Amino acid sequence: MFINRTLENKVREISKDYSCLLLTGPRQVGKTTMLEHLMEGTSRTKVTLDDEENRRLAKNDPALFLELHPAPVLIDEVQYAPELFSYIKIKIDNGAPAGSYWLTGSQAFHLMELAQESLAGRTAILHMSSLSQSELYGDGITEPLSLSLDRLIQRKEHLKKCNPIKMYERIWNGGMPGHRSGRYKDRDVFYSSYIQTYINRDVTDMIPSIDKLVFADFIRSAACRIGQLLNIHDIASDVGVSDDTAKRWLQVLEKSEIIFYLRPYSNNLLKRTVKTPKLYFFDTGFVAYLTKYSSPEILMNGAINGAILENYTVAEIRKTWTNDAKECNFHYYRDKDSNEIDMIIESDGELHPMEIKKSANPGSELTSAFKVIDKGSMQRGAGAILCLRDELSAADRNNYIVPIWMI
């Protein structure tokens, strides 16, 4: 079953303006499937660099490769042949029409660097993550999460309400299209295959001599620390590698978008803020698999129940922005006086603080922490407590109580 993606309209719009579109995202989140769906009934062809022969030709003779696969074309897994970028640039400079080249890849940072070097001003870059709540449980018509009351009221009309156990079912199942579409019904087998494919293809491509078993343990160790301040030494000690190795391996996980970070908010008026980022995974189903939770019910009462709810919430908010092709500007706040805010959205010159709680009836006193950012140089806007409540409510006129199912 094909699940429609929010990004489809953006791809259509951008392909009318740009000769080249680069779609990045983690492995198996549906990049190619969505583009194949959009090219149905058109003259566009597809070629994948997962194929060794195609890859060899693209690397050794990029000009011939593009002659054999003329535009309009979808080139899948383009990170395997970065040599193509300068030749695509020549094609664009020689007048390639809008929509000529669709490229996909699963090493976003590396690809964006290459695109900015070779195709600056000539390509549009979009990001895709795993399926969002809106795509799975709503009508797919959402915009970046805003704490405007009018927009929150409109938003709840597009999403499906759920109770706490149903929320943990969403978290446990994750958002990977291969599993959620019903193509691969056994969740554990799907994620077991996913981690093996990821290590065998992506990780060994970046670090050929990697010990695959130790690296798999390393990913599990990182998954146990979601929502926490990054502690490289602790993760390294878990698997018996050096801190330098752990740092390099975390960079691999970030480059392939298995993990992402929430950076701390600070400015020159806030002197005592913590500088360490917080660690999150792109997909909570993957985390639940790695941390060996066998059911949503056990996860809901397990040791990481609060952390994985926070991970899910942060990732879903992030998706609402990337699915609308908007740049994310998110932070968290913590200082040396133990003041903490789980997440801050910086938008339109305002800071919007948010607390994430595993509660259906959170107390309004939770918003008191929001005052710490008033000492900064940027104005504080509306805040929110994101929780397991059924309905939209408010702690006061400036702070809303928002159900996580509404994100």
Residue-wise HN-Hα coupling along the stretch 214-225, computed from phi with Karplus coefficients 6.51, -1.76, 1.60 (Hz; x: Gly, Pro)
5, 5, 4, 5, 5, 4, 5, 4, 5, 5, 6, 10
Given R₀ = 22 Å, what would the calculated FRET efficiency be for Arg56 paired with Glu254, taking r from the Cβ atoms and rounding to 0.05?
0.15
Cut-off under 5 Å, modelled amide H: who pairs with Arg380 long-range:
Leu351
Taking amide H atoms as placed 1.01 Å from N in the peptide plane, list the residues 5 or more away in sequence, or in a different chain, whose amide H sits under 5 Å from that of Tyr332.
Arg263, Tyr265, Ile344
Can you compute log10 of I(q)/I(0) for the stretch 8-127 with the Debye formula, treating each Cα as one identical point scatterer, at q = 0.11, 0.20, 0.21, 0.22 Å⁻¹?
-0.30, -1.13, -1.27, -1.43
What residues qualify as long-range amide H neighbours of Ala394, i.e. H under 5 Å apart, gap of 5 or more or another chain, H built at 1.01 Å from N?
Ile401
Please report, in cubic angstrom per residue, the volume enclosed by the convex hull of the alpha-carbon atoms of the stretch 133-406.
137 Å³
Modelling each spin label as a point 7 Å along the Cα-to-Cβ direction, I'd like the Leu392/Glu40 distance in nm, to one decimal.
3.4 nm
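Treat the count of other C-beta atoms within 10 Å as a stand-in for reagent exposure and order Leu386, Leu230 from fewest to most.
Fewest to most other Cβ atoms nearby, the residues stand as Leu230, Leu386.
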Given the stretch 23-79 reduced to its alpha-carbon atoms as identical point scatterers, what log10 I(q)/I(0) does the Debye formula return at q = 0.15, 0.19, 0.22, 0.25 Å⁻¹?
-0.46, -0.71, -0.91, -1.08
Among beta bridges that DSSP assigns inside the chain, antiparallel share in %, nearest 5:
40 percent
How big is the charge dipole of the chain about its Cα centre, in debye rounded to the nearest 20, if each Lys and Arg gets +1 on its Cβ and each Asp and Glu gets -1 on its Cβ?
540 debye
Spin-label model distance (nm) - Asn9 vs Lys275, 7 Å beyond Cα toward Cβ:
4.3 nm
Nearest-0.05 FRET efficiency for Thr197 and Ile90 at R0 = 22 Å, using Cβ-Cβ distance, is 0.05
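Quick one: in the stretch 145-257, what % of C-alpha pairs are over 21 Å apart?
55 percent
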Return Ile356, Ile153, Ile195 ranked ascending by Cβ neighbour count within 10 Å, so the fewest neighbours appear first.
Ile153, Ile195, Ile356
For the stretch 8-127, with only Lys/Arg (+1) and Asp/Glu (-1) charged at the beta-carbon, what is the dipole magnitude about the Cα centre, in debye rounded to 20?
260 debye
Using 0.36 nm times the number of residues separating Leu229 and Lys212, minus their current alpha carbon distance, what extension gain do you get?
3.5 nm
Here the stretch 301-315 yields Karplus 3J(HN,Hα) values (6.51, -1.76, 1.60; θ = phi - 60°; whole Hz; Gly and Pro given as x) of 10, x, 5, 9, 4, x, 5, 6, 5, 5, 4, 4, 5, 4, 5
The chain: relative contact order as a whole-number percent, Cα under 8 Å and 6+ apart:
16 percent
Hey, any idea what the orientation-averaged projected area of the convex hull of the stretch 63-148's Cα atoms comes to, in nm²?
7.8 nm²
Output the 0 to 90 degree angle, nearest 10, between the alpha-carbon long axis of helix 187-197 and the longest principal axis computed from the alpha carbons of the chain.
50 degrees
Net charge near Trp405 (other residues with Cβ under 12 Å of its Cβ; Lys, Arg +1; Asp, Glu -1) is +3
Can you compute 3J(HN,Hα) from phi for each residue in the stretch 380-393, using the Karplus curve 6.51 cos²θ - 1.76 cosθ + 1.60 with θ = phi - 60°, rounded to whole Hz and x for Gly and Pro?
8, x, 4, x, 7, 9, 9, 8, 9, 5, 6, 10, 5, 8
Can you give the three extents of the C-alpha atoms in the stretch 186-231 along their principal axes, from longest to shortest, in whole Å?
31, 29, 14
Between Asp337 and Asp188, what length in nm is gained on full extension when 0.36 nm per residue of separation is reduced by their alpha carbon distance?
49.4 nm
Checked against a 30 Å limit on the C-alpha separation, the offending pairs among Lys10/Lys371; Lys161/Lys212; Lys156/Lys358; Lys160/Lys292 are Lys10/Lys371; Lys161/Lys212
Computed, not fitted: 222 nm per-residue ellipticity of the chain from DSSP H runs ≥ 4 (each -39500 (n - 2.57)), nearest 500, equal to -10500 deg cm²/dmol
Can you tell me how much longer the chain between Glu346 and Glu157 gets when fully stretched, taken as 0.36 nm per residue apart minus their C-alpha distance, in nm with one decimal?
65.5 nm
Computed over the stretch 256-407, the Cα gyration tensor eigenvalues, each multiplied by 5 and square-rooted, give semi-axes in Å (largest first) of 25, 19, 16
Mind jotting down the distance between the C-alpha centroids of the stretch 340-354 and the stretch 189-241, whole Å?
31 Å
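A short reminder: the numbers here are calculations on the coordinates, not readings from a lab. Not measured: the values here are computed from a predicted model. Reconstructed Cβ throughout: ideal geometry from the backbone, glycine too, with neighbour counts over all protein chains shown.
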